[in-house]
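The values are calculated or read from the model by the stated rules, or taken from the named source; none is laboratory data. This is a predicted model, so every value here is computed, not measured. When we count neighbours, we look across all protein chains shown, and the Cβ atoms used for this are built from the backbone with ideal geometry, even at glycine. Quick note on the areas: whole protein, heavy atoms, side chains included, nothing else; ligands and nucleic acids left out. Shrake-Rupley method; radii C 1.70, N 1.55, O 1.52, S 1.80 Å.
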Amino acid sequence: LLLHEGGYSNHPSDPGGPTKYGITLADVRSYIDASADAETVRALSVEQARAIYHARYWQALSCDRLPAGFDYALFDYGVNSGVARAARVAGSLVGTGGGTVLDAATIAAIGRADAKVLIGRLSDERLAFLRQLRTWPVFGRGWSRRVAEVREAALAMAASAQAQSELRPQISAPGKAVVPAARGRQAGSTGAIAAGGAVAAGKAHTAGAGPRAVLAVLAVAGL
């Protein structure tokens, strides 16, 4: 997310005005300092931005309770277009309504659905919505790239989570012995996890992340 949001900017066509790490002046005034100005935004630390994103976006969208991959896709949507809109779209995707928060029924429905299918549908809706905005001619190319990269990374996360789930030992019935996954199935699943990590690392490198950040992604994937 931080790689996509970038550092400080104050683009005349951006209604958010002074922005750093995607945190606007209005955000800083709401969550940090009511008297903040452009220089306050410029001085914003990564730690402050992370705290705002975690409390006001990740937790607000109940992302800890969502499937891997879809949690990231919805989180990024909320940051880019607002938590309320992201929640409404998520509810509409699983047929539980269009509320501005994810209620228990919506979270349960998302958990039952195929995360990869939801990621694709969410990404399609997001791009269609962005195309309708008056600022599309200015920011459209960057938005298109962001949606595509988030989609790809989110799908890799979902595939990795599915592969790890398949690697877990299976219990045939209560009181019976644990039956591990077949050797060939284990190898294939491990390959899927590695592929997901490689995609994420490649995206980090393409976006300009340093070697340490790329290595960290690879380490998480076990590469």
Could you give me the residue pairs with C-beta distances under 9 Å whose first residue belongs to the stretch 35-52 and is within 17 Å of residue 16 (Cα to Cα) and in contact (Cβ under 8 Å) with a residue 40 or more places away in the chain, whose second residue is part of a loop (DSSP other than H, G, I, E, B) and of a type outside the set (Asp, Glu) wherever it lies, and which are 6+ apart or on separate chains? 49/21; 49/22
With respect to residue 60, determine if the residue is surrounded by fewer than 14 Cβ atoms within 10 Å (Cβ to Cβ), out of contact with any Cys (no Cβ under 6 Å at 6 or more places or on another chain) and within 13 Å of residue 78 (Cβ to Cβ). no
If only one of 34, 26, 87, 55 is of a type in the set (Gly, Ala, Ser) and at pLDDT 95 or above, which one is it? 87
Members of the stretch 66-98 found to be within 13 Å of the chain's Cα centre (by Cα) and not small (Gly, Ala, Ser), listed by number: 66, 67, 70, 71, 72, 74, 75, 76, 77, 79, 80, 83
For residues that are surrounded by 15 or more Cβ atoms within 10 Å (Cβ to Cβ) and among the hydroxyl-bearing types (Ser, Thr, Tyr), scanning just the stretch 10-38, find the one that is nearest to residue 81 (Cα to Cα). 24
Of (1) assigned to a helix (DSSP H, G or I); (2) within 30 Å of residue 106 (Cα to Cα); (3) touching a helix residue (DSSP H, G or I) at 6+ places or on another chain (Cβ under 6 Å); (4) open to solvent by less than 40 Å² (accessible area, probe 1.4 Å), residue 53 satisfies every one except (3)
Exactly one of (1) assigned to a helix (DSSP H, G or I); (2) at pLDDT 95 or above; (3) farther than 22 Å from residue 22 by Cβ is unmet by residue 163. Its number? (2)
For residue 41, are the conditions met, namely being in contact with a strand residue (DSSP E or B) (Cβ under 6 Å, 6 or more places away or on another chain), open to solvent by less than 70 Å² (accessible area, probe 1.4 Å) and not aromatic (Phe, Trp, Tyr)? yes
